[in-house]
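This report refers to the structure that appears directly beneath it.
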Amino acid sequence: MHAAADEPAIRARMHPIDIATYHAFGEMSHISERTELIRGVIIDQVPKSPLHTSIVQKLARILLKTAPAGFHLRQEQPLTFSDSEPEPDVALVRGEIEDYESSHPRTAVLVIEVCVTSEEIDRVKLGVYAEAGVPEAWLVLAEQRTVERHTEPKDGAYRNVERAAFPDTLASTVFPALVLPPEGLFPAM
């Protein structure tokens, strides 16, 4: 964020925007397509490294195999919440693709964020996901070869956080067939 936003006097006078305004700005090309609305503030997305892209694609492939009927995968696509429109690296939502032709999903059953250079903002987004009632959110800490499973959202935070460093694994609480990290998710050392 701009350095001026670090000043309390400036921050107190900032004007957050709502979802409708964010969409209008996008339709008028007043903002880049590489942005997200987080807590009413437009932020630039971090450029994706080859490692980030590779892990996201592997996760998508795994989730396509393990997701039960009645759910579909969204990869780097918006979810619309009260004051935010994040684009998680991977999300599983209820329903079919056609259910979201006129609006983005209002929640997800599971989201995964891959952290290479984005850990700080991804941790902020965890609070956004918890507020939206997403039952399970994962952080994949690529360089540490570690995953974190965040569950039990309450009052804007996840009450339960578990970590596993490769080769240890954790199973999803909402889709037990999903076990992370699988062999081959991280590059060989």
Worksheet item: Checking V140 against (1) touching an Asp or Glu at 6+ places or on another chain (Cβ under 9 Å); (2) of a type in the set (V, I, T); (3) within 18 Å of R39 (Cβ to Cβ), which single condition isn't satisfied?
Response: (3)
Discussion item. For region 93-121, give me each residue that is surrounded by fewer than 22 Cβ atoms within 10 Å (Cβ to Cβ) and under 25 Å from V179 (Cβ atoms).
Written reply: R94, G95, P105, T107, V109, V116, S118, E119
Worksheet entry | Checking P167 against (1) surrounded by 13 or more Cβ atoms within 10 Å (Cβ to Cβ); (2) of a type outside the set (G, A, S); (3) in a loop (DSSP other than H, G, I, E, B), the condition it does not meet | (1)
Worksheet item: Pick from region 23-41 the residues that are farther than 16 Å from L79 by Cβ and not in a helix (DSSP H, G or I): which of them is farthest from the chain's Cα centre (by Cα)?
Response: M28
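Which of the residues spanning region 122-156 are among the β-branched types (V, I, T) and not in a loop (DSSP other than H, G, I, E, B)? Spell out how you get there, then give the answer.
Restricting attention to region 122-156, the residues satisfying the condition of being among the β-branched types (V, I, T) are 124, 128, 134, 140, 146-147, 151.
Once the filter is applied, which keeps residues that are among the β-branched types (V, I, T) and not in a loop (DSSP other than H, G, I, E, B), region 122-156 yields V124, V128, V140, T146, V147, T151.
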Worksheet item: Which condition breaks for A177 when tested against (1) surrounded by fewer than 17 Cβ atoms within 10 Å (Cβ to Cβ); (2) touching a helix residue (DSSP H, G or I) at 6+ places or on another chain (Cβ under 6 Å); (3) closer than 24 Å to E33 by Cα?
Response: (3)
Worksheet item: Do you know which residues across region 105-123 are under 12 Å from the mean Cα position of the chain (by Cα) and charged (D, E, K, R)?
Response: E113, E119, D122, R123
Worksheet item: Does any residue of region 126-137 turn out to be closer than 23 Å to P50 by Cα, without any contact (Cβ under 8 Å) to a residue 60 or more places away in the chain and either among the small types (G, A, S) or in contact with a strand residue (DSSP E or B) (Cβ under 9 Å, 6 or more places away or on another chain) (or both)?
Response: yes
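Let me confirm something: among E131, E76, E85, E148, which residue is surrounded by 13 or more Cβ atoms within 10 Å (Cβ to Cβ), closer than 16 Å to L37 by Cα and over 11 Å from the mean Cα position of the chain (by Cα)? Spell out the reasoning first.
On the way: E76 fails: over 11 Å from the mean Cα position of the chain (by Cα); E85 fails: over 11 Å from the mean Cα position of the chain (by Cα); E148 fails: closer than 16 Å to L37 by Cα.
Only one candidate passes the filter, namely E131.
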Worksheet item: Among S118, S172, which is the only one that is touching a residue at least 40 places away in the same chain (Cβ under 8 Å) and in contact with a Leu (Cβ under 6 Å, 6 or more places away or on another chain)?
Response: S172
Discussion item. Being surrounded by fewer than 14 Cβ atoms within 10 Å (Cβ to Cβ), more than 16 Å from the chain's Cα centre (by Cα), at pLDDT below 95 and over 26 Å from S49 (Cα atoms): is that true of G156 here?
Written reply: no
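The values are calculated or read from the model by the stated rules, or taken from the named source; none is laboratory data. Computed from a predicted model, the values in this text were never measured in an experiment. Glycine also receives a Cβ, built like all others from the backbone with ideal geometry; neighbour counts cover every protein chain displayed.
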